[in-house]
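Notes follow once the structure below has been shown.
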Amino acid sequence: MNFIDEAFLEVRAGNGGAGASSFRREKYIPFGGPDGGDGGKGGNIVFKVNKNKNTLIDFQNKRVFIAKNGRPGSGKNKSGAAAEDMVIDIPKGTVIYDDFSNEELIDCCDSDISYTVAIGGDGGQGNARFKSSTNQSPRKFTLGFEGEIRNIRLELKSLADVGLVGFPNAGKSTFLNRVSSARPKIGSYPFTTLRPHLGTIQGSDSSYVIADIPGLIEGASDGAGLGIKFLQHISRTGLLLIFVDLFATDENDPVEQIELLKNELSKYKEDLTQKVSWIVCNKIDLMQESEVEAISKSIQEKLGINKEDIFFISAATGEGTKEILQSLEEVIAKEREELS
Ligand SMILES: Nc1nc2c(ncn2[C@@H]2O[C@H](COP(=O)(O)OP(=O)(O)OP(=O)(O)O)[C@@H](O)[C@H]2O)c(=O)[nH]1
Ligand SMILES: [Mg+2]
């Protein structure tokens, strides 16, 4: 399945139905009054969160959505029927923007609410409404109003609790495979992961979601590699795990990797270095214990990062992963408690 996280749509609410111009015609009543009914309202365009959806793929081909028009009014003072709303299902975490002004219209976090984005036009008035003391038989009626037309952009931002960031090959996907039932592809080449993957971790008391996103490289904020657009998926996570490849084949030592990554994170529009982040040094199975000690020290000293915020693991063997999960569960539980 392809992961589509952006879509451009044109939505057209329905037009209102026209009012009717009609006169009562009954046997033995020669001058029946006006009895044209009003037109019905056009359908709204409504977005609704559907828990079973997790991508915007449905919108890849279908880009224009048109709600039905209201029915016209008719004689005998009958109003036209209002059109039903057109309801469009979207995944939780979709943000809707006006594509012209770029204004954020709606942030669809809540699954129980419908979000109206374009309003259907009101129906026109039938001639019965125009009857007055001076005009007993008006022919006048009005047409329905046009429905709103909007060009919108949908952007999907995952609602994960934890985001994994790191250079390609650092072992982010290996980690997610190990700790959750998500199965992102693992490969010994850079950019194995081309789209975000979400994994649910079942803790002892609660569960939480980790997002694995494609690797970042130096210059990603200027478009290098796959760029930084995937950072939108972790812009809502409370916590970042910055993955360091202890066995990186290029020359970047752990301290340099962290500096480079933080630099790219700081260039994202919502400066992501403001988030709580922990350092996860991966692939300790390939290292000597003394090397690990030295690396931990230099991260603490050179970057001023607390010892408790640095983890050493092997995603491949599972060593150290339990400790991270435990710490994650604790802080997430605390965070949720504060929010509730
Ligand atoms: N020895 C060892 N190898 C590991 C470990 N974790 C990952 N690897 C290997 O490192 C390579 C990259 O792993 P991935 O999990 O695909 O890395 P990634 O960070 O998801 O990479 P991208 O998706 O390209 O960003 C694979 O060949 C893994 O088998 C580890 O703890 N120890
Ligand atoms: Mg990967």
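Output yes when any residue across region 37-60 is modelled with pLDDT of 95 or more and among the acidic types (D, E), and no when none is.
Yes; the residues of region 37-60 include at least one that is modelled with pLDDT of 95 or more and among the acidic types (D, E).
S207 fails exactly one of the following numbered conditions: (1) touching a helix residue (DSSP H, G or I) at 6+ places or on another chain (Cβ under 8 Å); (2) more than 12 Å from ligand 1 (Cβ to nearest atom). What is the number of that condition?
With respect to (1) touching a helix residue (DSSP H, G or I) at 6+ places or on another chain (Cβ under 8 Å); (2) more than 12 Å from ligand 1 (Cβ to nearest atom), S207 is out only on (1).
Taking the condition of being closer than 30 Å to F59 by Cα and modelled with pLDDT under 90, how many residues in region 104-153 meet it?
Summing the residues that are closer than 30 Å to F59 by Cα and modelled with pLDDT under 90 in region 104-153 gives 11.
Taking the conditions exactly as written (touching a strand residue (DSSP E or B) at 6+ places or on another chain (Cβ under 7 Å), assigned by TED's automatic domain parsing to the domain that holds V46, without any contact (Cβ under 8 Å) to a residue 40 or more places away in the chain and not in a loop (DSSP other than H, G, I, E, B)), does D89 satisfy them or not?
Taking the combined requirement at face value, the residue does not satisfy it.
Pull out all pairs, ordered by first then second residue, where Cβ-Cβ is under 6 Å, the residues are six or more apart or on different chains, the first lies in region 170-188 and is over 9 Å from G199 (Cα atoms) and among the small types (G, A, S), and the second is within 9 Å of ligand 1 (Cβ to nearest atom) and part of a loop (DSSP other than H, G, I, E, B).
Every condition considered, the pairs that remain are G171/A315; S173/P184; S173/I186; S173/T193.
Here is a list of conditions, (1) at pLDDT below 85; (2) surrounded by fewer than 19 Cβ atoms within 10 Å (Cβ to Cβ); (3) on the phi < 0 side of the Ramachandran plot; (4) within 14 Å of ligand 1 (Cβ to nearest atom), and F247 meets all of them except one; can you say which number that is?
F247 satisfies all of (1) at pLDDT below 85; (2) surrounded by fewer than 19 Cβ atoms within 10 Å (Cβ to Cβ); (3) on the phi < 0 side of the Ramachandran plot; (4) within 14 Å of ligand 1 (Cβ to nearest atom) except (1).
Would you mind stating whether L286 is away from ligand 2 (no atom under 16 Å from the Cβ), closer than 19 Å to F175 by Cα and modelled with pLDDT of 90 or more?
Considered against the rule, which asks whether it is away from ligand 2 (no atom under 16 Å from the Cβ), closer than 19 Å to F175 by Cα and modelled with pLDDT of 90 or more, L286 comes out as yes.
Restricting region 189-217 to residues that are among the charged types (D, E, K, R) and at pLDDT below 85, which is farthest from E335 (Cα to Cα)?
Here the answer is R195.
Go through region 25-67 and report how many residues are farther than 21 Å from F141 by Cβ and not polar (S, T, N, Q).
Going through region 25-67 one residue at a time, the tally reaches 22.
Tell me which residues, restricted to region 198-228, are within 16 Å of ligand 2 (Cβ to nearest atom) and surrounded by fewer than 22 Cβ atoms within 10 Å (Cβ to Cβ).
L198, I217, G225, L226, G227
Are any residues in region 281-296 assigned to a helix (DSSP H, G or I), more than 14 Å from E256 (Cα to Cα) and not polar (S, T, N, Q), and if so, which ones?
I284, D285, L286, E289, E291, V292, E293, A294, listed by residue number.
Within region 212-231, which residues are of a type outside the set (D, E) and more than 12 Å from ligand 1 (Cβ to nearest atom)?
G219, S221, G223, A224, G227, I228, K229, L231
Please find, among R195, R236, the residue that is within 18 Å of the chain's Cα centre (by Cα), closer than 15 Å to F167 by Cα and surrounded by fewer than 24 Cβ atoms within 10 Å (Cβ to Cβ).
After ruling out the rest, the residue left standing is R195.
Failed condition for E337, given (1) within 16 Å of ligand 2 (Cβ to nearest atom); (2) under 18 Å from G203 (Cβ atoms); (3) in a helix (DSSP H, G or I), with all others met?
(1)
Any idea which residue in region 142-161 is surrounded by the fewest Cβ atoms within 10 Å (Cβ to Cβ), counting only those that are in a strand (DSSP E or B) and among the β-branched types (V, I, T)?
Going through the qualifying residues, I end up with I149.
The values are calculated or read from the model by the stated rules, or taken from the named source; none is laboratory data. Everything numeric in this text was worked out from a predicted model, so none of it was measured. Backbone-built Cβ (ideal geometry, glycine too); neighbour counts: all protein chains shown.
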